[in-house]
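Chemist: Provided herewith is a single structure, encoded as structure tokens, for subsequent inquiry.
What follows draws every value from the coordinates through simple rules; no lab data is involved. Model, not experiment: these values are computed from the prediction. With ideal geometry, Cβ positions are generated from the backbone for all residues, glycine too; neighbour counts draw on all protein chains shown.
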């Protein structure tokens, strides 16, 4: 007698074999008198499909047809071959239970599937050709995952509610339902990889609320005006590109990026996608550290701005991991609302970056806070930010221009200010370092205070075209009693310096303090010189007065001894004569 469990297993296997044997691939030929799916004459061999079969719609006859099977009939897949005409699959009976893939291999044109689909398994939705549009009108439901593959466009117009997640691994997924993405693209995480794209095409405001996973190769999210990007979370390692879509030259309202070091590498590219301009507006409910780990790159004619109706000066912060752009027509700032000023804290990723655009004021002022161990280079020539700004870590190179004369820039302990300027506002080196140029160079500034405990780092190289750094101050220069000057020889293998005088600081106003508190690594044979008005220089050292006195005394003593010896020798004979 067979064990009961063994018997049950055998029955189950037989059932499976019976189902497999009955499952078939049936192909549409449209030979019937009507265009209904249940009409046998519409299928090759005049045999209509049954539940569990896989449907292939081929040929060019009765390409607009109707699913008249009972509600919930299961099919193992739907395929449209490359040789098929552009099909429109209609329905009068609502949902198909789908247990296999949808594959559209037509090279061009538009195919439309109107029946709703209830996923019975994880399903691939493949649209192969890049110039082909596949429209899924009926809603997609079920507890499984949908994966979009292929280079073509899948346009979903239904309110999709499937919960297993949506993986976009190729081409474009175009969602046109307004409201929340969780009500139009399923409620699971949306994963984008291989450079594929998700287009939010609704003409009314849509909120991206799903969790977002950025896979290998990253992806793009395209949106119309005033769409909101508020993912439940962001994870993965890919790059995210945000762009406009349709005919809009408008902005993308972002409330919360929710990126963090433990979640996502945070590569974000803002691209105008052929439009006149495009911007990432950070909305009223934006969370300050949402971009803390993000590496932001602004492409041609793009911008980031902050929106907030109420804020106290300096309390509204936007953390950005790194800020980069090679385009001068990009910008950060330009807030259109709020009071006080907005702080842009840049550098938490501890990476070097260069920004060719400008950090600008709007109706509310902008302030810069440099953090992290990397170097941020500002190359734009129209940086108008005026909020109290500071360098707390790493290095800020101003190779463009900070044009606002009301700017107060403070270099705190751990921070370094370099570059070529000009800097129109005041600079205070409070525990940090001011180091002209990006190696040896000239930094042009307005008034500068070095101290308390601030360091002026002066690099020199006798072999360079400019042998020594220069701080060129158009205004007053103040040296605190605790200030430090440190000299750094960049060519230790050569003679350190050769000329008699090297100017390393100039000022057009007054000098307060006529000495540094500490002088480090003074070049051998040189001394500091404050004697020429409006300059501080290294000059060839001369012996101190006490040295001259000592040498003179020694020489005088030798002469006296010699004279006495001479007189002694001669005096003995002359004396004899005198006597």
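Chemist: If R0 is 41 Å, what FRET efficiency do you get for residue 194 and residue 363 from their C-beta distance, rounded to 0.05?
Modeler: Approximately 0.45, to the nearest 0.05.
Chemist: Could you give the length gained by full extension between residue 317 and residue 521, i.e. 0.36 nm per residue of separation minus their alpha carbon distance, to one decimal place?
Modeler: Contour length minus the Cα-Cα distance gives 69.4 nm.
Chemist: State whether segment 124-219 is rounded, prolate or oblate according to the following rule on the C-alpha gyration tensor (a ≥ b ≥ c being the square roots of its eigenvalues): a/c under 1.5 gives rounded; otherwise a/b larger than b/c gives prolate, and the remaining case gives oblate. Don't skip to the answer; put the middle values down first.
Modeler: Working: a/c = 1.35, a/b = 1.19, b/c = 1.13.
Rounded, because the longest to shortest axis ratio a/c is under 1.5.
Chemist: What length, rounded to one decimal in nm, is gained on full extension from residue 336 through to residue 225, with 0.36 nm per residue of separation minus their alpha-carbon distance?
Modeler: The residue 336-residue 225 span can extend by a further 38.3 nm.
Chemist: Quick check: residue separation of residue 204 and residue 514 times 0.36 nm, minus the Cα distance between them. What number comes out in nm?
Modeler: 105.0 nm
Chemist: If you don't mind, there's one more thing I want to ask. Quick one: if you stick a label point 7 Å off each Cα along the C-beta vector at residue 285 and residue 465, how many nm between them?
Modeler: For residue 285 paired with residue 465, the spin-label model returns 5.6 nm.
Chemist: For each of 539, 296, count neighbouring Cβ atoms within 10 Å of the residue's Cβ, then give the residues from fewest to most.
Modeler: In order of increasing Cβ crowding within 10 Å: 539, 296.
Chemist: May I pose another question? Could you check the simple spin-label distance between residue 408 and residue 350, using points 7 Å along Cα→Cβ, in nm with one decimal?
Modeler: 3.2 nm
Chemist: How many angstrom lie between the C-alpha centres of segment 309-360 and segment 61-135?
Modeler: A separation of 48 Å, based on Cα centres.
Chemist: Over the Cα atoms, compute the radius of gyration (one decimal) and Dmax (the largest Cα-Cα distance, rounded to a whole number) for the chain, in Å.
Modeler: 38.6, 165
Chemist: Just to be sure I understand the model, the point goes 7 Å from the Cα along the line to the Cβ. What's the resulting residue 34 to residue 530 distance in nm?
Modeler: 10.4 nm
Chemist: If you fit an axis through the alpha-carbon atoms of helix 545-578 and take the longest principal axis of the Cα set of the chain, what angle between them do you get, 0 to 90°, nearest 10?
Modeler: Here the helix axis deviates by roughly 20 degrees.
Chemist: Given N residues in segment 16-138, what is Rg(Cα) / (2.2 N^0.38 Å)?
Modeler: Working: Rg = 13.4 Å, N = 123, 2.2 N^0.38 = 13.7 Å.
Its radius of gyration relative to the 2.2 N^0.38 Å reference: 0.98.
Chemist: Can you put 159, 196, 324 in order of Cβ neighbours within 10 angstrom, beginning with the fewest? Walk me through the intermediate numbers first.
Modeler: On the way: 159 14, 196 23, 324 19.
Placing the least packed residue first, the sequence is 159, 324, 196.
Chemist: Where in segment 388-431 is the amide nitrogen less than 19 Å from a point lying 7 Å along the Cα-to-Cβ axis of residue 328?
Modeler: Flagged as within label range: 398-404, 420-424.
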